[in-house]
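Notes follow the structure.
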Amino acid sequence: MRIRNTTQVWGSAAKSLHWLMALGIVGAMTLGLVMVNLPMSALKFELYAIHKSLGMTLLVLAALRISWRWMNPVPALPDSVPPHEQRLAGWAHRVFYVLLFAMPISGYVINSAANFPLNVFGVVQVPNLVPESERITDAATWVHGSLFWLFAGLIVVHVAGALRHHFIFKDGILRRMLPTRSSKET
Amino acid sequence: MRFLPTLSFLVAMPALAGNPWNIDLPESRLAFEATQQGGQFEGEFEQFSADMQFSAEQLGDSHFNVRIDVTSIQTGSSQRDRELPKQDWFAMDEFTEARFETTEIREATDNVNYAYAAEGTLTIKGHSEPVVLPFDWQISDSGQARMQGELVIDRTTFGIGEGDWEDPSAVGHDVRVLVDVQLNPAD
């Protein structure tokens, strides 16, 4: 298994980060959707705690991921993809990277402005970013909620695009992100 | 010389009643430390009053009777503070006052950090439990007193956080109460 990317293929580190974060993001988004609709209770509290811990973990992974991307070549899309679609894909991925940071940071601001303690999975105590303020809480909540729908929409487009390439164009783009068996590797 | 017995009676009066003190509220703090989702936060009761009788020489005549306005609770988070008046927490519709009344004030022979111990009854939300408050009592050159003490209570003993909220992972059971009170001798 190749760890680093080449101009042709994704390395195992980039693939692992992609799927690990995909799992975490879908988990955090599902939790978020469920927990905000629960009445105030200890269960709601518990779900918030997991959601926040997951979010802070994803923030760290996002920093790792963008650093790794800068340190590695990005595999080029095949020529069969028309230039305007390549540009579109490029922009979609840029927005994804912005969201990878904007989602957890806006959530972190909500928690800070509410002056709630933040303890990541009961292991790391994280300090608050901003002073207690209901106005900041409300503004950050609006941002976090709006970005949620942008994120959800973009994930749908991303998955639909990957499946379109796999089943309609059969150009191997989806398979590039899947784990490869070492025997098959060239 | 004829009125000397009368005078000495007047001087002796405060000693008979113990030494009374008045709390200087702006200089005093009745705070607590608790945990939420494993993280610590601090809060305080901004309004409280007390009948305080204390003399290191006459511990037997010393006595505290503290009344705390529960509705003056402040934890630095408006979201959290909105929950506290509710039925599961302090039930402030029904219980607005907490009390601490001592039954005995003695030397804290069992505590190396504090000189004295106030044994008494703490009443919160209608639940009365015996507690011991270890404390120090220091007199300044200007004759003021400063009382500092702390004790850990289990919030569930007093029904603070009922039902679902008894789960300690959401809000920890142990609450550290911190007393830091400035007092002036009462005339």
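With a threshold of 27 Å on the Cα-Cα distance, the over-threshold entries among A:K52/B:K86; A:K52/B:K125; A:K15/A:K44 are A:K52/B:K125; A:K15/A:K44. Heavy atoms of the protein chains alone define the surface here; on that basis the protein assembly as shown has 57 Å² accessible area per residue at 1.4 Å probe size. Surface composition of segment A:12-184: carbon plus sulfur atoms contribute 73% of the solvent-accessible area (1.4 Å probe, protein chains only, all chains present).
Roughly how tilted is helix A:42-71, in degrees to the nearest 10 and between 0 and 90, from the longest Cα axis of chain A? Helix A:42-71 sits roughly 40 degrees off the main axis of chain A.
The Cβ shell under 12 Å around B:Q79 holds other residues with a net charge of -3, Lys and Arg each +1, Asp and Glu each -1. Comparing A:F96, A:F151, A:F167 in a Gaussian network model of chain A, where Cα atoms under 10 Å apart are tied by springs, the biggest mean-square fluctuation is seen for A:F167. For chain B, find the longest principal axis of its Cα atoms and tell me its angle to the long axis of helix B:4-16, 0 to 90°, nearest 10. That helix lies at roughly 20 degrees to the long axis.
If you take all C-alpha pairs in chain A, what percent of them are over 21 Å apart? Percentage above 21 Å: 57. To the nearest hundred square angstrom, how large is the accessible surface buried between A and B, total for both chains, probe 1.4 angstrom? The A and B chains share an interface burying roughly 1500 Å².
Residue-wise HN-Hα couplings along segment B:37-44, as the Karplus relation 6.51 cos²θ - 1.76 cosθ + 1.60 with θ = phi - 60° gives them from phi, are 6, x, x, 8, 9, 10, x, 8 Hz; Gly and Pro carry x. A Gaussian network model of chain B, with springs between Cα atoms under 10 Å, assigns the largest mean-square fluctuation among B:H63, B:H173, B:H127 to B:H127. Using a Gaussian network model of chain B whose springs link C-alpha atoms within less than 10 Å, name the residue from B:N22, B:N111, B:N65 with the highest mean-square fluctuation. So, out of B:N22, B:N111, B:N65, the one fluctuating most is B:N111. Between 0 and 90 degrees, the angle of helix A:83-113 with respect to the longest Cα principal axis of chain A falls at about 20 degrees.
Peptide A:107-115 shows a mean partner chain C-beta count of 2 within 10 Å per residue C-beta.
Describe numerically, in nm with one decimal, the distance between label points set 7 Å from Cα along Cα→Cβ at A:A162 and at B:V112. My value for the distance between the label points is 6.0 nm.
Shown for segment B:34-76: residues covered by the partner protein chains by 40 Å² or more of accessible area relative to the chain by itself (probe radius 1.4 Å), namely B:Q36, B:Q37, B:G76. Each of B:D69 and A:V26 was given a label point 7 Å from its Cα along the Cα-to-Cβ line. The distance between the two points is 5.5 nm. Each principal axis of the Cα cloud of the protein assembly as shown was taken in turn, and the coordinate range along them, longest first, works out to 120, 39, 33 Å.
Counting Cβ atoms of other protein chains within 10 Å of each Cβ in A:32-42 and taking the mean gives 2.
Remark: chain B projects, on average over all directions, an area of 12.9 nm² (convex hull of Cα atoms). On a per residue basis, the convex hull of the C-alpha atoms belonging to segment B:50-90 measures out at 94 Å³.
The values are calculated or read from the model by the stated rules, or taken from the named source; none is laboratory data. These numbers come from a predicted model, not from an experiment. Please note: Cβ atoms are built from the backbone with ideal geometry, for glycine as well, and neighbour counts cover all protein chains shown. Side chains included, ligands, DNA and RNA excluded: accessible areas come from the protein's heavy atoms. Shrake-Rupley method; radii C 1.70, N 1.55, O 1.52, S 1.80 Å.
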